[in-house]
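Data first, discussion second: the structure below is written as structure tokens.
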Amino acid sequence: MTAPPDDCLARNEWICGAYLSTRRQILLDAVAQHLQLTVIAVLVGLAVAVPLAVLARRWGWAAGPVLAVTTILYTVPSLAMFSLLLPVYGLSAALVVAGLVLYSLTLLVRNILAGLRAVPEETRQAARGLGYGPVRLLLTVELPLAVPAAMAGLRIATVSAVSLVTVGAIVGFGGLGNLIYAGMNTYFKAQVLTASVLCVVIAVAADLLLLGVQWLITPWTRGARG
Amino acid sequence: MNTLAEAWHWLGDPAHWTGDDGVRHRLAQHLVLTVVCLVISCLIALPVALVLGHLGKGGALAVNISNVGRAVPTFAVLVLLLLTPLGRYGEGPTVVALVLFAVPPLLTNAYVGMREVDRGVVRAARGMGMTGRQMLFQVELPLALPMVMNGVRIAAVQLVATATIAALAGGGGLGRIITAGFNLASTPQVVAGAVLVAVFALIVEGIFETAERLAPRWVRGAR
């Protein structure tokens, strides 16, 4: 009979190199699922939020209902949100994505709308005087000027989505949340800590990445002071 | 719509309201958990924010704590705490995780509210010979109150919503009705639990809204 190996896995330590090397594939798969769910949810959220914000800007009466509905959606707890959508999507990744999309809407719509409203009236009139139609005005003047405010919302929405994906563990599509959930049931400390740290790393990295993108696509906001 | 009807039916069954797993008990647990966490978070966050706001220091700290707080999944914090020695103390990990979650919005709102008080008014108060303490309690805090209360409101609603996560880690509260429903593969029960939590969150939001409307004009601010 061989003696049980005396390594950090056997001792169930929080920080464990052996865990990282033996479970590399599991961790990579979880990170991939986490990223996939987050990216799809944020992109779909953006695709829904931009038209909603533009509509609310065009027709003032639409702003109230749009903001009210998205705010109510935001109040619904994540665990409850996933459960409410359960009859529609069943136990699937689409369920998690749909929940995350609904959450991101409040943050995105509010910020994009604030950005659109902040475009100076003189700027719009100048563009109209140059013969810009409503569509060209929206695409080439209003939306670009709303980018900084929209990006602020996008960053908050993305960071929140990364942390909310973990709750998806309840339906088995939680990315790193799955590892945390499984680790909780088996008291596997290294797995819980590693997955949690990876979540935070992904959130911070995503935030910095979006900050970089914002810097790249809004050249007019920099250099004015330089 | 069939599921909603079944969920309604589930809620209508008196058997589901009594006992240790019943709605009434879970609702009480949820309420206690939320109130306890809100009070603790306020006791921690508000004094710090008010003093920092009064001194005009630590703005970057307040904002950064808020951002980091958003990036850390509450579920992960809860499970991490559960595996530490603290995990032996019943609801201990849940309370700590929820407090950590509620402190950032309280801190940021209170700090920003204090800094947004008209500097002219503050200088006038100093010119009248007020001490720092008098300025804080008689001038700055009353003027910052709408922002401070807005932070409390955000924290309260988020706490109600997030307290459901405790159920994932075996804690009490309305979340347990949802997780139990998942385990029984009973969609009506899951939906019923979700509706209960959502309604609870909206009621809390409504209470704050009403309190704000009924409050004297100076509390509401000039918005």
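The values are calculated or read from the model by the stated rules, or taken from the named source; none is laboratory data. Since the model is a prediction, treat every value here as computed from it, not as a measurement. In this analysis, Cβ positions are derived from the backbone assuming ideal geometry, glycine residues included, and neighbour counts consider all displayed protein chains.
Key figures for this structure:
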{"read-out": "A:Val200 vs. criteria within 18 Å of B:Phe101 (Cβ to Cβ) and either among the charged types (D, E, K, R) or within 7 Å of chain B (Cβ to nearest Cβ) (or both)", "value": "yes"}
{"read-out": "Failed criterion for A:Ile72 (all others in (1) modelled with pLDDT of 85 or more; (2) surrounded by fewer than 17 Cβ atoms within 10 Å (Cβ to Cβ) hold)", "value": "(1)"}
{"read-out": "Candidates A:Val119, A:Val147, A:Val141, filtered to the one that is in a helix (DSSP H, G or I), more than 30 Å from A:Ala80 (Cβ to Cβ) and without any contact (Cβ under 8 Å) to a residue 40 or more places away in the chain", "value": "A:Val141"}
{"read-out": "Selection within the stretch B:163-182 - at the interface with chain A (Cβ under 9 Å from one of its Cβ atoms) and surrounded by fewer than 24 Cβ atoms within 10 Å (Cβ to Cβ)", "value": "B:Ala169, B:Gly170, B:Thr179, B:Gly181, B:Phe182"}
{"read-out": "Criterion violated by A:Val159 - all others in (1) at the interface with chain B (Cβ under 10 Å from one of its Cβ atoms); (2) among the β-branched types (Val, Ile, Thr); (3) surrounded by fewer than 19 Cβ atoms within 10 Å (Cβ to Cβ) satisfied", "value": "(3)"}
{"read-out": "Looking only at the stretch B:183-196, and only at residues there that are over 23 Å from the mean Cα position of the chain (by Cα) and more than 7 Å from chain A (Cβ to nearest Cβ), the one that is modelled with the lowest pLDDT", "value": "B:Ala185"}
{"read-out": "Selection count where residues are crowded, with 20+ Cβ neighbours inside 10 Å and either within 14 Å of chain B (Cβ to nearest Cβ) or among the hydroxyl-bearing types (Ser, Thr, Tyr) (or both), scope the stretch A:128-155", "value": "3"}
{"read-out": "Conditions (1) out of contact with any Gly (no Cβ under 9 Å at 6 or more places or on another chain); (2) in a helix (DSSP H, G or I): number failed by B:Gly19", "value": "(2)"}
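A quick yes/no check of all residues on (1) of a type in the set (Gly, Ala, Ser); (2) under 20 Å from the mean Cα position of the chain (by Cα):
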position	(1), (2)
B:Val103	no, yes
B:Met130	no, no
B:Met147	no, yes
B:Ala161	yes, yes
B:Ala198	yes, yes
